[in-house]
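See structure below.
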Amino acid sequence: MKKLGFLISCLVLQLAGQAQRHALSLDAGYLYVYSPAFDKIIQYYNFSRPWQSKEQALLQNGVRGALAYSYQFNRRWAGATAFDFMYFPSVGRNETQRISIHPKAYTLGLQCYYSPFDSTSSFKRLRFSAGVFAGLLSTHLREDKAPLWLDEDEEEKYKSNTFTYSFQLQMDYRFWQTSKHATDAFVKFGFWPQVEIDDFAETFIGTNIYNLENEGVMWTFSLGLRHSLRF
Amino acid sequence: MKRRDFLLTSTALFLSPVFLTACRKRNLNSKNFKSTKVIVIGAGAAGMYCAQLLHKAGCEVIILEAGAQIGGRIRKLEGFSDFPIELGAEEIHGERSAYYNLVKSTNTAIADGDTKDFIYLDNALQDLEVVANDADVKAAEAFLDTLEEGNYKGGDVDAEGYISANGFSTRVRPYLNARIGNEHGTSNDRISLQGVNIENELWTAGNTNALLKGGAHIDVLQKACADVWAKVQLNAVVNQINYAGGEVEVKTTANQTFTAAKVVVTVPIPLLKTNSLGFNPSLPSAKSEAIQKIGMGAGMKVILKFSQRFWDASTGSIFGTGLVPEFWSTGTGRSANNNCLTAFVHGKNAEQLVAMGNAAMLSKILSELDAMFGNAVATSSLTDHYIMNWQNETFVKGTYSYPSVGEGNAREVLAAPLDNKLYFAGEATHTKGHFASIHGAMETGLRAVKEILESLEK
Ligand SMILES: Cc1cc2nc3c(=O)[nH]c(=O)nc-3n(C[C@H](O)[C@H](O)[C@H](O)COP(=O)(O)OP(=O)(O)OC[C@H]3O[C@@H](n4cnc5c(N)ncnc54)[C@H](O)[C@@H]3O)c2cc1C
């Protein structure tokens with residue numbers, strides 16, 4: 001693993017060294033998440049508590065941000081090293097209890113960009129990319145309790161840190177640029193073959209009798225804007 | 001790309017999350033199983049919760065209860081003191097369960113948990129914390145911790161044998177009986193240490209034990225199951241379940257016949273042991289054998305009311321050395337004028353006390369308190385008492401199931417549905433360590449609903 005990391009770093013440095021142009025960019029956007037395994041856990045939680053006036057939200061809406069350093073090799077090809085962050089909380093706000101789940105994914109990855117269209121084409125502003133990311137999924141489960149209960153006001157129920165990775169496909173549309181700056185709109189699809197929240201079902205629902213899986217695949221979809229500083 | 005196309009595409013992209021969000025269901029109630037009729041046998045925590053969830057899912061539910069009241073092993077005694085006395089389930093075990101959430105959502109207050117426990121040691125009543133450094137108490141506590149943490153490695157043997165073979169002093173054996181056998185619904189000669197260890201290992205509900213202050217468990221259950229409460233048919237004693245045909249036919253001792261596609265059986269284990277439900281065809285031999293392996297037996301609560309409180313105001317439990325392994329102060333944290341003690345006895349001690357008859361049993365219990373507190377204070381200040389002997393309850397016949405030696409995977413075998421028609425719930429069918437509790441019973445009810453809905457979706 002260490003060797004692989006070293007080789008990748010060398011490759012990135014080598015590629016970056018050969019680049020004609022560099023850019024530092026910042027992404028921000030909306031994130032849509034779909035993980036059937038986590039949906040099932042929350043569905044069971046809601047089904048088992050029909051007395052709650054508000055259901056716990058699914059882990060589905062969130063925000064995404066990324067910081068990338070990219071290097072343009074030629075007119076068609078570019079590469080990037082990026083740090084990607086996702087946060088997709090779920091809150092169940094009831095009168096006497098508020099439970100919130102806070103999953104955050106911190107991943108590092110490599111991306112390869114391709115601009116297939118000529119400068120004369122009407123699609124010339126489109127660019128596609130594919131990337132591989134790996135890192136940490138860190139989840140906190142918090143609970144606010146009504147004051148008449150014995151427990152602390154807000155108790156952090158548990159924390160889980162698990163390794164995760166993803167494959168990402170992205171499409172950018174550059175709608176503004178100067179020699180120093182550029183702004184793109186992006187759409188990004190991600191596939192996460194293995195996401196896990198340790199003991200999620202047991203801790204959240206309070207039992208492991210239903211044999212629900214604490215891990216599964218996840219799909220992500222995001223929309224947003226990127227601003228790049230070119231040098 | 002034309003400007004119009006671009007605008008259309010981007011609008012579609014921006015709206016797609018809204019569409020996807022709307023498509024995804026937060027709840028399992030995605031389908032309505034209107035045409036499905038389900039009979040639930042038993043109106044305890046498992047049966048009522050199961051019925052409520054089935055009702056929510058759209059099923060037509062019939063609830064048959066043999067007794068004259070709803071609740072099963074959740075029952076309150078009112079008018080005895082200035083707070084409702086729990087005759088069955090009392091503590092909320094753990095803070096991570098649907099039941100705990102339910103109690104919270106009903107805004108029922110919880111009693112302050114700061115109490116002191118006492119032990120009768122060397123003919124003197126002592127604060128357990130004060131004698132914590134006594135070598136024998138220390139050894140006993142260390143052993144209890146080992147069990148609690150799921151680290152016991154001594155095999156599937158009964159607690160009494162293990163404790164005497166491992167040299168625990170006779171000074172603390174009654175205490176160990178109170179904390180292991182008695183707490184788990186029996187006595188140390190009948191309980192499997194391995195079973196207790198597995199239960200602790202599997203336990204996921206958390207470690208807080210709380211008491212209700214502003215109400216009783218039955219009221220909480222009623223709030224949760226309000227939609228089906230009035231549907232319960234009381235005094236409907238099921239004595240035949242014919243499941244050979246397409247539909248299941250359920251008959252009662254009053255010659256009523258009910259039919260349904262699915263039946264959920266939630267009756268306590270002793271009633272299954274004696275085949276009081278008259279399964280036809282008989283249950284498969286593996287299931288019948290499993291039923292026989294799960295322990296449940298004698299147990300009672302004797303509530304004693306005195307004209308004065310002669311015990312420390314902060315008392316939680318008092319561990320004795322006689323036939324009553326544990327007394328607790330019934331109203332600590334619940335009532336300002338708390339003059340009640342509960343004697344909690346299981347297993348062979350309970351059998352011995354019951355054999356004496358009620359009057360002699362009462363004097364024996366009082367004499368044990370007199371010995372601990374002196375001056376015949378208990379006998380002379382008793383004003384009222386209530387004996388709740390669960391073994392005498394025709395449709396329960398015991399307190400709660402306990403892990404017995406040789407139980408193995410009996411609970412899994414018992415819990416498995418039969419022919420997609422018969423489903424088994426009730427605390428004893430909990431396969432993941434939460435048996436003998438309210439929330440555990442409810443979880444088995446939900447498991448049965450899950451099994452039913454999954455079979456209907458196929
Ligand atoms: C003394 C005592 C103390 C306890 N302490 C606690 C505690 O502190 N905390 C805790 O969480 N739990 C405690 N429990 C355990 C808890 O009460 C039970 O686990 C739970 O209530 C069991 O629910 P159930 O639905 O499985 O069974 P039950 O409540 O027994 O319900 C089964 C129902 O089936 C009915 N029935 C039986 N035969 C037939 C028939 N032939 N036809 C129709 N109906 C039938 C019965 O009448 C009964 O109502 C205690 C129990 C007792 C007895």
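The values are calculated or read from the model by the stated rules, or taken from the named source; none is laboratory data. For clarity, every value in this text was computed on a predicted model and none was experimentally measured. Don't worry about glycine lacking a Cβ; one is built from the backbone with ideal geometry, like all the others, and counts go over all protein chains shown. To get the accessible areas, we keep the full protein, side chains included, count just its heavy atoms, and leave off ligands, DNA and RNA. Shrake-Rupley method; radii C 1.70, N 1.55, O 1.52, S 1.80 Å.
What's the number of the condition residue B:114 fails, among (1) within 14 Å of another protein chain (Cβ to nearest Cβ); (2) open to solvent by less than 50 Å² (accessible area, probe 1.4 Å)?
For residue B:114, the exception is condition (2).
Out of B:41, B:74, B:62, I need the residue that is modelled with pLDDT of 80 or more and in contact with a His (Cβ under 6 Å, 6 or more places away or on another chain). Which one?
On the way: B:41 fails: in contact with a His (Cβ under 6 Å, 6 or more places away or on another chain); B:62 fails: in contact with a His (Cβ under 6 Å, 6 or more places away or on another chain).
Criteria check complete, one pass: B:74.
Can you run down the residue pairs with Cβ atoms below 7 Å, 6 or more apart or on separate chains, where the first is in segment B:235-252 and more than 14 Å from every other protein chain (Cβ to nearest Cβ) and more than 7 Å from the ligand (Cβ to nearest atom) and the partner is among the hydroxyl-bearing types (Ser, Thr, Tyr) and not in a loop (DSSP other than H, G, I, E, B)?
B:247/B:259; B:248/B:259; B:249/B:257; B:249/B:259; B:251/B:257
Name the single residue that is farthest from the other protein chains (Cβ to nearest Cβ) among those in segment A:194-231 being over 17 Å from residue A:100 (Cα atoms) and without any contact (Cβ under 8 Å) to a residue 60 or more places away in the chain.
A:194
Condition first: acidic (Asp, Glu), open to solvent by 30 Å² or more (accessible area, probe 1.4 Å), touching a Phe, Trp or Tyr at 6+ places or on another chain (Cβ under 7 Å) and away from the ligand (no atom under 11 Å from the Cβ). Can you find one or more residues in segment B:409-430 that meet it?
Our first condition is that a residue be acidic (Asp, Glu); within segment B:409-430, this holds for B:412, B:419, B:427.
Filter once more, keeping what is open to solvent by 30 Å² or more (accessible area, probe 1.4 Å): B:412, B:419.
Now restrict to residues that are touching a Phe, Trp or Tyr at 6+ places or on another chain (Cβ under 7 Å): B:419.
Applying the additional criterion that residues be away from the ligand (no atom under 11 Å from the Cβ) yields B:419.
Checked against the condition, which is being acidic (Asp, Glu), open to solvent by 30 Å² or more (accessible area, probe 1.4 Å), touching a Phe, Trp or Tyr at 6+ places or on another chain (Cβ under 7 Å) and away from the ligand (no atom under 11 Å from the Cβ), segment B:409-430 yields at least one hit.
Mind telling me which of the residues B:317, B:307 ends up being more than 15 Å from the ligand (Cβ to nearest atom) and under 24 Å from residue B:331 (Cα atoms)? Working first, answer last.
Details: B:317 fails: more than 15 Å from the ligand (Cβ to nearest atom).
After ruling out the rest, the residue left standing is B:307.
Which of the residues that make up segment B:261-282 are assigned to a strand (DSSP E or B) and away from the ligand (no atom under 14 Å from the Cβ)?
Of all residues in segment B:261-282, those assigned to a strand (DSSP E or B) come to B:262-265, B:279-280.
Answer for segment B:261-282, where residues must be assigned to a strand (DSSP E or B) and away from the ligand (no atom under 14 Å from the Cβ): B:262, B:280.
To keep it simple, each residue is scored yes or no on (1) touching a residue at least 12 places away in the same chain (Cβ under 8 Å); (2) crowded, with 22+ Cβ neighbours inside 10 Å; (3) of a type in the set (A, V, I, L, M, F, W, C).
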| site | (1), (2), (3) |
| --- | --- |
| B:262 | yes, yes, no |
| B:272 | yes, yes, yes |
| B:280 | yes, no, no |
| B:284 | yes, no, no |
| B:296 | yes, yes, yes |
| B:299 | yes, yes, no |
| B:318 | yes, yes, yes |
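Do you know which residues across segment A:205-219 are buried (at least 24 other Cβ atoms within 10 Å of the Cβ) and at pLDDT below 90? Step through it out loud before you land on a result.
We begin by selecting, within segment A:205-219, every residue buried (at least 24 other Cβ atoms within 10 Å of the Cβ); these are A:205-207, A:209, A:218.
Within segment A:205-219, A:205, A:206, A:207, A:209 qualify.
So which residues in segment B:265-291 are among the polar types (S, T, N, Q) and in contact with a helix residue (DSSP H, G or I) (Cβ under 6 Å, 6 or more places away or on another chain)? Before the answer, list the steps.
Taking segment B:265-291 first, the residues among the polar types (S, T, N, Q) are B:266, B:274-276, B:280, B:282, B:285, B:288.
The one that is among the polar types (S, T, N, Q) and in contact with a helix residue (DSSP H, G or I) (Cβ under 6 Å, 6 or more places away or on another chain): B:266.
Of the residues A:82, A:57, A:78, which is touching a residue at least 12 places away in the same chain (Cβ under 8 Å), facing chain B (nearest Cβ under 8 Å) and among the aliphatic types (A, V, I, L, M)?
On the way: A:82 fails: facing chain B (nearest Cβ under 8 Å); A:78 fails: facing chain B (nearest Cβ under 8 Å).
The unique qualifying residue is A:57.
Within segment B:406-421, is there a residue that is closer than 20 Å to residue B:97 by Cα and not small (Gly, Ala, Ser)?
No, the conditions are met nowhere in segment B:406-421.
Just wondering, is there one or more residues in segment B:451-458 that are within 12 Å of chain A (Cβ to nearest Cβ) and either within 7 Å of the ligand (Cβ to nearest atom) or among the aliphatic types (A, V, I, L, M) (or both)?
Of all residues in segment B:451-458, those within 12 Å of chain A (Cβ to nearest Cβ) come to B:451, B:453-454.
Okay, now just the ones that are also either within 7 Å of the ligand (Cβ to nearest atom) or among the aliphatic types (A, V, I, L, M) (or both), so B:453.
Within segment B:451-458 (the criterion being within 12 Å of chain A (Cβ to nearest Cβ) and either within 7 Å of the ligand (Cβ to nearest atom) or among the aliphatic types (A, V, I, L, M) (or both)), the answer is yes, since at least one residue qualifies.
Answer with yes or no whether residue B:191 is hydrophobic (A, V, I, L, M, F, W, C) and in contact with a Leu (Cβ under 8 Å, 6 or more places away or on another chain). Step through it out loud before you land on a result.
Working: hydrophobic (A, V, I, L, M, F, W, C): yes; in contact with a Leu (Cβ under 8 Å, 6 or more places away or on another chain): no.
Here the answer is no, as residue B:191 does not meet what is asked.
Here's the yes/no breakdown for (1) under 23 Å from the mean Cα position of the chain (by Cα); (2) within 14 Å of chain B (Cβ to nearest Cβ):
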site	(1), (2)
A:97	no, yes
A:101	yes, yes
A:104	yes, no
A:107	yes, no
A:112	yes, no
A:119	no, no
A:124	no, yes
A:131	yes, no
A:134	yes, no
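For segment B:366-408, how many residues are within 16 Å of the ligand (Cβ to nearest atom) and either part of a helix (DSSP H, G or I) or within 14 Å of chain A (Cβ to nearest Cβ) (or both)?
3
Within segment B:14-34, identify whether any single residue is modelled with pLDDT under 90, within 12 Å of chain A (Cβ to nearest Cβ) and farther than 24 Å from residue A:55 by Cβ, and answer yes or no.
For segment B:14-34, residues modelled with pLDDT under 90, within 12 Å of chain A (Cβ to nearest Cβ) and farther than 24 Å from residue A:55 by Cβ: present.
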